[in-house]
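Each remark here refers to the structure printed beneath this line.
Please treat every number below as a calculation from the coordinates, not as lab data. Everything numeric in this text was worked out from a predicted model, so none of it was measured. Methodologically, a virtual Cβ is constructed for each residue, glycine included, from the backbone with ideal geometry; neighbour enumeration extends over all protein chains shown.
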Amino acid sequence: MRPTSDDSLFQLSLTELAFILVFVVLLLIGAKLVLDRGEADKSQEMLTACVQEKNDCVEALAKGGGDPNVIIDTLVNAPKLRKELEESRAREQELQEKLKAFAALREKFPDPARVKAAEDFLDAYEKGTKTPLSPDAAKKQGEDAARLARELDNCRGQLKHCVRVTGAPKGYGLPPCWLDSAGQIQYLLNVEIRPDGLAVERAWLPERDDDANQLPGLRTTLEAGVQSLDQFKSNTQAILGLSKRANPECRHYVVIRRAPSLRDIDQFNRLRLGVEDHFYKLDKTGPVSR
């Protein structure tokens, strides 16, 4: 059977359509190649520009006087450098704290001669005792040395006082517990004899504050106000015991006064003699009339 004209037309159309499709595909492939070539050229241009910028940067770094390779290595090692920087800052903070502490120490001990004296004292102590002195024990030993110095001063005063009075016709008992370096008595209390009892006040000098604070029962005696003789003796019994145990044994001195309202001589004598059981006295009572 011979093909009709419609069949031929249809066959030609399919052939043409195939050619057209192939042509379109070729056009697309060509366009893709052109685009890829353009992208490649663009990438090449960007790479060339990057290399140029890198060369320019290296040249600029070289002109700045630094080694470009070293600078680049520094940038690469930035994390490590940051860690080292943090450590350096921490070390700087520590040194700042030590500097502040040193400044405070210098403010507390501004006199180098005083510091040298303390060192000499420490060296002499350790040499004399053949025992190293720790910082914790240094303060205690210093306090003990000061106390012993006061006790030595007391002893010297007691000796001078005894030498001065031993030849007196009136005789002499125990030495005073407190004397100054000139041998003068330092008094502990003022005691006023009243009709209703004994009123007690401090008589010691400020230089004896530390010694007074060490006397047992002294605060209770002062805070009791006007007290009976029995209360007074109870409050001061520990002070009497301490003076008896002293080496040498001694007695504290008090200043006795009489209230003008006290007229009963028997009451006056009973209270006065009761005070003298525990203390020696400086009598400023004056005459008493019935």
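Roughly speaking, what is the stretch gain from Asp153 to Ile265, that is 0.36 nm per residue apart minus the C-alpha to C-alpha distance, in nm to one decimal?
Numbers: separation 112, 0.36 × 112 = 40.32 nm, distance 4.00 nm.
Working it through step by step, the gained length comes to 36.3 nm.
Considering only lysines 8 or more places apart in sequence, or on different chains, count the pairs in region 140-279 whose C-alpha atoms sit under 30 Å apart.
On the way: Lys140/Lys244; Lys160/Lys170; Lys160/Lys244; Lys170/Lys233; Lys170/Lys244; Lys233/Lys244.
Qualifying lysine pairs in region 140-279: 6.
FRET efficiency for Arg114 and Ser181, Cβ-Cβ distance as r, R0 = 25 Å, nearest 0.05? Could the numbers behind the result be given before it?
Numbers: r = 24 Å, r/R0 = 0.96.
FRET efficiency, Arg114 to Ser181: 0.55.
Would you grab the residues whose amide H sits under 5 Å from the one on His252? Only those 5+ places off in sequence or on another chain, please, with H modelled 1.01 Å from N.
Cys177, Tyr280
What is the gain in length, in nm to one decimal, between Arg257 and Arg91 on full extension, counting 0.36 nm per residue of separation less the C-alpha to C-alpha distance?
That works out to 52.7 nm of additional length.
GluC sites (Glu not before Pro), restricted to region 175-255: which are DSSP loop and have at most 14 other Cβ atoms within 10 Å? Don't skip to the end; give the middle numbers.
Details: sites: Glu192, Glu201, Glu207, Glu223, Glu249; in loops: Glu249.
Loop-located and lightly packed - Glu249.
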